[in-house]
Number of protein chains: 2
Amino acid sequence: MAVVARRPKPATAAPSATLLRRQPRQARSQERIERILDTAEQLFAEIGYDAATTNLIAVEAGTSIGSLYEFFPNKEALASALADRYLAAIGRLYETLIVDEPGVTPEVMVPRVVGALDAFYRDHPGAVPLLNGRFTSPELASAGANLQRAMVRRIDAVIASRRPDLSPPRRLLVSEVIAELARSLLVLSDQMPLHQRKAMIHQIELAVLGYLRETIPDPEDHLHTGLDCPTVDANMPS
Amino acid sequence: MAVVARRPKPATAAPSATLLRRQPRQARSQERIERILDTAEQLFAEIGYDAATTNLIAVEAGTSIGSLYEFFPNKEALASALADRYLAAIGRLYETLIVDEPGVTPEVMVPRVVGALDAFYRDHPGAVPLLNGRFTSPELASAGANLQRAMVRRIDAVIASRRPDLSPPRRLLVSEVIAELARSLLVLSDQMPLHQRKAMIHQIELAVLGYLRETIPDPEDHLHTGLDCPTVDANMPS
DNA sequence: GCAGAAGCCGAGTGAATACTCAGGTTCAAG
DNA sequence: CTTGAACCTGAGTATTCACTCGGCTTCTGC
């Protein structure tokens, strides 16, 4: 279900810096580019990267392949530009989450971040498959890896501030586990109907907190002494 | 990096039951089929599903495309047959793990299962990408989903026997989370160098156990009372 | 209002690749 | 040994799809 990109890759490997083949000067073409990206986002999410042919994207965006290739050097650049939009948006999202406040405990922090990511993915259905390696093209894989690296860095920073006693490699390992944990469970929840989704989000929080308690138990944490166990299961929508 | 299968899909949808177009009668052809599958496994793992063209698989297996298509109706059938081999092997693996013994605690059970899966994936490098939706073809996706469902069922059965007080839907949710958790972290560990891999495997066990303690705390579990916290991090290879 | 730049179009090109088929070879049963 | 079935072969077919290019239209600065 996919066709190899032409990929003659002229020996002079492109610097990969420019996503656009040419900068649009007129408002008309800028809007066109936006429409193409929006359409690509929708089609990638609905029918997948391979089935969304460049011709189809162009037609659905109300333009022609010629125009598409006027600005995007190839199909991957399209997906790459999309990934950049997502990455930037998620970056902005992080700014709104106060992470480095001294008093924030994991119990507060984790639901905050998980909830924000959940909301973002719900608003941008195309982001999940794009950022999670569902598409095999190298540029896409690297876009997903970029996001994940950014996540790991941020988690690592938070842990570092709260637990300066941990060795850096151990912190990194723990951060990678948490990032992957959250990523995969968020993807899973994304495939669920809304009512199960809410329950799932809560499980993600529990998983992260549980893992944290298990690997780097907080000496001051006396909440889980086994004495106040609820023993019954709350929050389960039939 | 891939081409859409011809997929004229004759209106009479194949029953999908037969993976082989024809049953081999002679030893020669049986060996040939095995060689083709082995080669496909290796190529899929090394260069990916798309880049591993049917022609290449045939040549590498020391045969011709004609012979390949004599037995396999299409490329997906190849991957599907491979997935079946893996699924059967993992099924056999489970038989060797005594799961329903009355006295087995999660602390014993989890490392046993995780360790077994880790060993399996290490022995079969092709299994990881194949069974984890890295390939987008529908047949492969369903093969991966099959494995995951089997996992969930088994986990659910174990939880049911230990915690009959939990409601079935809650049990299912917890089982799904655990299965996904283990799957994704095992995939992650699969991409790591060996020395990090071992540490990662241990983290998987901690994540599962931590999540379990967090969602369905065992009333008899007094190990984690916050009093015997090690406070230092053990088992961290540099 | 004009010249040239920027933008737009879509039929067509080229290359890739899943799969076929006509004809040859090897086996096994009688 | 013979005959037919099973098996094998690989050049060729059909199709798809990313991408180009020559010609047209719209904009903008002067």
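Please treat every number below as a calculation from the coordinates, not as lab data. Only a predicted model underlies this, so the values are computations on that prediction, with no experimental measurement involved. Using ideal geometry, Cβ is built from the backbone for each residue, glycine included, and neighbour counts are taken over all protein chains shown.
The table below gives the values:
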read-out: Average beta-carbon neighbours from other chains, 10 Å sphere, peptide B:70-76; value: 0
read-out: Point-to-point label distance, A:GLN191-B:ASP100, nm (Cα→Cβ direction, 7 Å offset); value: 2.8 nm
read-out: Partner chain coverage, peptide B:161-174 - average Cβ within 10 angstrom; value: 3
read-out: Vicinal HN-Hα couplings computed from phi for the stretch B:25-35 (Karplus, 6.51 cos²θ - 1.76 cosθ + 1.60; Hz; Gly/Pro x); value: 9, 9, 4, 3, 6, 4, 4, 4, 4, 4, 4
read-out: Extended-chain gain in nm, criterion 0.36 nm per residue less alpha-carbon gap, A:GLU107 and A:ALA119; value: 2.4 nm
read-out: Net +/- balance of residues flanking A:PRO111 in space, Cβ distance below 14 Å, scoring K and R +1, D and E -1; value: -2
read-out: Karplus-derived HN-Hα couplings along the stretch A:121-128 (A = 6.51, B = -1.76, C = 1.60, θ = phi - 60°), whole Hz, x at Gly and Pro; value: 5, 5, 6, 10, x, x, 5, 4
read-out: HN-Hα J in Hz across the stretch B:175-181 - Karplus 6.51, -1.76, 1.60, θ = phi - 60°, x for Gly and Pro; value: 5, 5, 4, 4, 4, 5, 3
read-out: Nm distances between copies for B:SER142, ranked from closest, using label points 7 Å along Cα→Cβ; value: 3.6
read-out: Shielding by partners, peptide B:50-58 (average Cβ within 10 angstrom, other chains); value: 1
read-out: Other copies of B:PRO164: label-to-label distances in nm, shortest first, labels 7 Å along the beta-carbon direction; value: 5.4
read-out: Position B:ARG92, label points 7 Å along Cα→Cβ, spacing to each other copy in nm (shortest first, one decimal); value: 5.5
